[in-house]
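Since the structure comes first, as structure tokens, the remarks are kept for the end.
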Amino acid sequence: MIEEVLEDRLLLKFEQIADRLSEKGYAIIDNFLEPQEVRDLLEVLTHHKEQGTFKKAGIGSSDQFTVDKEVRGDFIRWIEPSEALPPTQVFLDRMHEVMRYINRTCFLGLKDFEFHFTVYPPGTVYQRHIDQFKENDHRRLSFICYLNENWLPEHGGNLRLYLPQEDGSEEEVDILPIAGRLACFRADLIPHEVLVATRNRYSLTGWMLDQLNELTFL
């Protein structure tokens, strides 16, 4: 009975993601992760930090890659599915379900995804950008799942989306990075930025692709 309730709850979340992506180009879903799932993932993140496997993030890809802390101040740890610890594998399995549901309902032809753990130290930002690379345009949807327990508005760290309007203007939407919340949006259409925070800001960040991950260089 508990498993059926959980499946029904997740199905409703999947429906909300697909509907809002179709209507608005973005979706904000609260309680996508249960509190215990957030805590388990935070333990994994802490483990990776203690192992020293987080790296300073940069901008661009391949030979265009550069590191500029004024533009982007986060540290990341890419997830290799074959090496994922159990809480991370639970998350990846759920994102597979999301991808399959979106393909059935939105017909985006998604084939794979990539994710990393993300840490923004206090005072860091990621200036306005688009997630799809010019030289590699396989990212279709951006996904961010937040792991910040007891996060308050005064802590900052909002994700700010710039939504294009028909008259050529933009609507700004600010999203507080509270634990368990999922934000997703069109990677190729919606500029966005990460605002400064006063605490460490944790998330799982990734993209759904229209190509198998190992083939995205083609």
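The values are calculated or read from the model by the stated rules, or taken from the named source; none is laboratory data. In this text, all values refer to a predicted model and were calculated from it rather than measured experimentally. With ideal geometry, Cβ positions are generated from the backbone for all residues, glycine too; neighbour counts draw on all protein chains shown. Note: areas computed on protein heavy atoms with side chains; ligands, DNA, RNA excluded. Shrake-Rupley method; radii C 1.70, N 1.55, O 1.52, S 1.80 Å.
Data for the structure
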quantity	calculated
Boolean, K24 is modelled with pLDDT of 95 or more, of a type in the set (D, E, K, R) and closer than 27 Å to R128 by Cα	no
Residue that is most open to solvent (accessible area, probe 1.4 Å) [pool: residues in the range 132-159 that are part of a loop (DSSP other than H, G, I, E, B) and either within 25 Å of P87 (Cβ to Cβ) or modelled with pLDDT of 95 or more (or both)]	N150
Close pairs (6 angstrom Cβ cut-off, 6 or more residues apart or separate chains): of a type in the set (F, W, Y) in the range 167-192, not in a loop (DSSP other than H, G, I, E, B) anywhere	F185/Y26; F185/S142
Hey, E166 closer than 23 Å to L212 by Cα and surrounded by fewer than 14 Cβ atoms within 10 Å (Cβ to Cβ) or not	no
When residues of the range 12-38 are limited to those that are closer than 14 Å to C145 by Cα, of a type in the set (D, E) and surrounded by fewer than 18 Cβ atoms within 10 Å (Cβ to Cβ), the one nearest to the chain's Cα centre (by Cα)	D30
Selected residue (criterion: modelled with the highest pLDDT) from residues of the range 61-84 that are among the small types (G, A, S) and loosely packed, with under 13 Cβ neighbours inside 10 Å	S82
Residues (in contact with an Asp or Glu (Cβ under 7 Å, 6 or more places away or on another chain) and part of a helix (DSSP H, G or I)) located in the range 35-58	V38
Qualifying residue in the range 117-126 (condition: open to solvent by 30 Å² or more (accessible area, probe 1.4 Å), assigned to a helix (DSSP H, G or I), modelled with pLDDT of 95 or more and closer than 21 Å to R39 by Cα)	no
Complete set of residues in the range 187-218 that are surrounded by fewer than 19 Cβ atoms within 10 Å (Cβ to Cβ) and touching a helix residue (DSSP H, G or I) at 6+ places or on another chain (Cβ under 8 Å)	T198, R199, F217
